[in-house]
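This report refers to the structure that appears directly beneath it.
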Amino acid sequence: MKRFIISSLIVFLFLTTYSAVMGKENLSMEDSAGWNLRKDKNGIKVYTRDHKNEGILEYLAITTVDATIEKLAEIIHDVENYPDWTENCETASVYKILSDSSRVEYMTTKVPWPLEDRDVVMEFIVSSHTNEYFEAILRSVPDAVPESEDYVRIHISEGNWIFKEIGENKVEVIHQFLSEPGGNIPMWIVNMFIVSGPYKTLLNLKHLCQ
């Protein structure tokens, strides 16, 4: 039960988003340094590496889905339905529209006792959107929404999504992310579950596209 509780929280903390690259094979020498393949199953690869020697792991998850760029863009813009495919995301909503290409998102997770529920506020920015390529960057903006006594605010998180057309109705999905969950959770526990979260999220995304 304790393992399930911790896992549920960690999966959420690494849900969405996003400081990505074009895939391990295309990384520069600097960006590719330190990546280790941790899981390779069902067409999904998950890599992790230590983030600047701070004891926080970041992940890079890659897969291919049978879909178009527009279909994936539609899914990623449907914020209220994030809980349908993002592991253990309880609620998700658009807090504020900033422009045609950016918005502020607010997400929560409810974690069984004794852990405290978390929330996160992130700015979602579309940096590129064509028929062949889509990229969205996410970065935490913790002060954009007043804090609630019901949640522990996640202050550090960043990453992105990349969708790259590689054939007819074939898109490579690349998801890179890191987060520091805040509160009194040892980072070694957080890092234990960094692989299962992105793997299950991309698996759900593949099923959703089908």
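The values are calculated or read from the model by the stated rules, or taken from the named source; none is laboratory data. This one's a predicted model, so the numbers in the text were calculated from it and none came from an experiment. Quick reminder, even Gly has a Cβ in these numbers, built from the backbone with ideal geometry, and neighbours come from all protein chains shown.
Summary of values
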| read-out | value |
| --- | --- |
| Boolean, Ile62 is outside any helix (DSSP H, G or I), modelled with pLDDT of 95 or more and loosely packed, with under 13 Cβ neighbours inside 10 Å | no |
| Hey, Ser127 in contact (Cβ under 8 Å) with a residue 40 or more places away in the chain, surrounded by fewer than 22 Cβ atoms within 10 Å (Cβ to Cβ), of a type in the set (Ser, Thr, Tyr) and closer than 23 Å to Ala61 by Cα or not | no |
| Residue, farthest from Glu90 (Cα to Cα), within segment 111-124, restricted to residues that are surrounded by fewer than 19 Cβ atoms within 10 Å (Cβ to Cβ) and of a type in the set (D, E, K, R) | Glu123 |
| Hits in segment 33-59 (condition: under 13 Å from Val173 (Cα atoms) and surrounded by fewer than 17 Cβ atoms within 10 Å (Cβ to Cβ)) | Gly43 |
| Members of segment 37-60 that are under 23 Å from Val121 (Cβ atoms), of a type outside the set (Val, Ile, Thr) and under 17 Å from the mean Cα position of the chain (by Cα) | His51, Leu57, Glu58, Tyr59 |
| Qualifying residue in segment 187-199 (condition: of a type outside the set (S, T, N, Q), closer than 16 Å to Glu105 by Cβ and either within 13 Å of the chain's Cα centre (by Cα) or at pLDDT 90 or above (or both)) | no |
